[in-house]
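**Student:** For reference, the structure I am asking about is given below.
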Amino acid sequence: MRRGLIARSRVELPDAVFDARLERLRASMHGLDALLLYTNNTRPAAVSWLTGFVPYWSEAMLVVARDRLPILVVALTFRVKPWIEWTSRVGEVMHAPRIGIESARLIAGHKSDATVGVVDFDHLPAGIAEDLREAGPRLAFSDATNLFAAQRARADPAELMLTAQASSIAAKALSGIEPLGVANEVVAAVEREARRLGAEEVYVALAPDLARDRRLIRIEGEPAFGRRFAVRASVAYKGNWVRRGATIDRDGAGTDATEAFTNAVAQLPSDHALSQFSSFVVEGCRTAQPFEALMGSRVLAPRLPSAGTVVSVQACIEVGGRPFLIGAPALVGAPGEAASIFP
């Protein structure tokens, strides 16, 4: 369950932004009568991008038709209806305990043998898939993941602005870290500052002693800090997620690692420079997951991000035999243009 305040700013996200995204998506629905997009608190990104809705808990299904505003079918109680309507750009909010049944009925009621694309079909819960087939036995379902991802890939001005704000929040929250006290105090300080600056959600991971273990983990207990430790903040602002990471070195080193990281990121979507590091991963949002591994030293089937895609890059860089963990969000440039890291 989420804990941060989820509110909508019509200055940052006016209706026109969602309307333009919807029309772009509809224009790509060749041969489809409707689209279905599933959302829950761990897979919120597709529905959030299209409507602004982010669930605190439970689940919902967005029904996108060609000729009317999307309908959001939620497995939430009626008491949250005013909040959903206030924070979301949808035509109607419907409440149903079995969202698959209600979604299929909505589509079949207009056309019993409609062709329906399902975004992120492979990750749709089995029970909902069964309910869709039960309530719409003549509906023809197909996977619309690539269709949606192609329209979602290029960031519009609103997404760039909100990503920059999320990146700024994460950077400021990490900048005040003091390598003193216990690990839980560092985690609490980063989260407190990020939320004070307006983050909807923030997750903090630590590698308390890079000389012993390079893995970033959720901290339990009070591990001791080594001479170098790393902190990563994953921050959401108005539905836009970024990751930033930094290594704190008590000896003051790390400038060479930061420079190497910046130069490598600039070469995206090529991974030639990044692949020379100990490890790296490039994450982006294609559909429902805020962070999906697109490329990386452990990614077996890479998906090269296209021009205009917002990504978060993390790398382990060794300088003088010492590892440094660094991460930042970036915008992939057009062919011949360098990718740029968000400040």
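**Student:** Give me a count of the residues in the stretch 17-50 that are exposed (fewer than 14 other Cβ atoms within 10 Å of the Cβ) and either under 21 Å from residue 124 (Cβ atoms) or not assigned by TED's automatic domain parsing to the domain that holds residue 144 (or both).
**Tutor:** The number of residues fulfilling the criteria is 2.
**Student:** Hey, any hits in the stretch 36-59 for a residue that's hydrophobic (A, V, I, L, M, F, W, C), over 26 Å from residue 311 (Cα atoms) and touching a helix residue (DSSP H, G or I) at 6+ places or on another chain (Cβ under 7 Å)?
**Tutor:** Taking every residue of the stretch 36-59 in turn, none turns out to be hydrophobic (A, V, I, L, M, F, W, C), over 26 Å from residue 311 (Cα atoms) and touching a helix residue (DSSP H, G or I) at 6+ places or on another chain (Cβ under 7 Å).
**Student:** In this structure, does residue 318 turn out to be in a strand (DSSP E or B) and modelled with pLDDT under 95? Steps first, answer last, please.
**Tutor:** Details: in a strand (DSSP E or B): yes; modelled with pLDDT under 95: yes.
Yes: the conditions hold for residue 318.
**Student:** Starting from residues that are buried (at least 24 other Cβ atoms within 10 Å of the Cβ) and out of contact with any strand residue (DSSP E or B) (no Cβ under 6 Å at 6 or more places or on another chain), keep the ones in the stretch 240-255 and report whichever is farthest from residue 48 (Cα to Cα).
**Tutor:** Residue satisfying both the conditions and the ranking: 241.
**Student:** Next question, about the same structure. From the list 115, 145, which residue is buried (at least 18 other Cβ atoms within 10 Å of the Cβ), under 24 Å from residue 22 (Cα atoms) and among the polar types (S, T, N, Q)? Step through it out loud before you land on a result.
**Tutor:** Working: 115 fails: buried (at least 18 other Cβ atoms within 10 Å of the Cβ).
When all the criteria are applied, what remains is 145.
**Student:** Another one. Do you know which residues across the stretch 317-340 are surrounded by fewer than 24 Cβ atoms within 10 Å (Cβ to Cβ), within 17 Å of residue 244 (Cα to Cα) and touching a Ser or Thr at 6+ places or on another chain (Cβ under 6 Å)?
**Tutor:** 331
**Student:** Moving on. Which condition number in (1) under 16 Å from residue 86 (Cα atoms); (2) in contact with a helix residue (DSSP H, G or I) (Cβ under 9 Å, 6 or more places away or on another chain); (3) not basic (Lys, Arg) is the one that residue 15 fails?
**Tutor:** (2)
**Student:** Give me the pairs, please: first residue somewhere in the stretch 40-52 and within 19 Å of residue 14 (Cα to Cα), second residue anywhere and in a strand (DSSP E or B), beta-carbon distance under 6 Å, and either six or more positions apart or on two chains.
**Tutor:** Close Cβ pairs satisfying both conditions: 46/37; 46/119; 47/37; 47/39; 47/62.
**Student:** Moving on. If you take the residues of the stretch 157-192 that are in contact (Cβ under 8 Å) with a residue 24 or more places away in the chain and touching a helix residue (DSSP H, G or I) at 6+ places or on another chain (Cβ under 7 Å), which of them is nearest to residue 252 (Cα to Cα)?
**Tutor:** 177
**Student:** Could you run through the stretch 1-54 and say how many residues are part of a loop (DSSP other than H, G, I, E, B), aliphatic (A, V, I, L, M) and farther than 17 Å from residue 165 by Cβ? Give the steps one after another, and end with the answer.
**Tutor:** Let us first name the residues in the stretch 1-54 that are part of a loop (DSSP other than H, G, I, E, B), namely 1-14, 28-33, 41-44, 52-54.
Adding the requirement that they be aliphatic (A, V, I, L, M) leaves 1, 5-7, 11, 13, 29, 32, 54.
Next cut, farther than 17 Å from residue 165 by Cβ only: 1, 29, 32.
Looking only at that region, the number is 3.
**Student:** Hey, another quick one. Since residue 287 meets every condition but one in (1) surrounded by fewer than 15 Cβ atoms within 10 Å (Cβ to Cβ); (2) within 24 Å of residue 145 (Cα to Cα); (3) β-branched (Val, Ile, Thr), which condition does it not meet?
**Tutor:** Result: residue 287 passes all but (1).
**Student:** Can you tell me which residue is surrounded by the most Cβ atoms within 10 Å (Cβ to Cβ) among those in the stretch 72-89 that are over 23 Å from residue 131 (Cα atoms) and of a type outside the set (Lys, Arg)? If you could, list the steps in order and put the result at the bottom.
**Tutor:** As a first pass, look at the stretch 72-89 and keep what is over 23 Å from residue 131 (Cα atoms): 79-89.
With the extra rule that they be of a type outside the set (Lys, Arg), the set shrinks to 80, 82-88.
Details: 80: 16, 82: 10, 83: 16, 84: 19, 85: 14, 86: 10, 87: 19, 88: 22.
Taking the candidates together, the pick is 88.
**Student:** Of the residues that make up the stretch 126-144, is at least one of a type in the set (Asp, Glu) and within 23 Å of residue 327 (Cβ to Cβ)?
**Tutor:** The answer is no, given that none of the residues of the stretch 126-144 is of a type in the set (Asp, Glu) and within 23 Å of residue 327 (Cβ to Cβ).
**Student:** Now, a different point. Being part of a loop (DSSP other than H, G, I, E, B) and either over 14 Å from residue 242 (Cα atoms) or charged (D, E, K, R) (or both) is the filter here, so list the residues in the stretch 297-315 that pass it.
**Tutor:** Answer for the stretch 297-315, where residues must be part of a loop (DSSP other than H, G, I, E, B) and either over 14 Å from residue 242 (Cα atoms) or charged (D, E, K, R) (or both): 297, 298, 299, 300, 301, 302, 303, 304, 305, 306, 307, 308.
The values are calculated or read from the model by the stated rules, or taken from the named source; none is laboratory data. What you see is a predicted model, and the numbers here were worked out from it, not measured in a lab. Every residue, glycine as well, gets a Cβ built from its backbone with ideal geometry; the counts of neighbours run over all protein chains shown.
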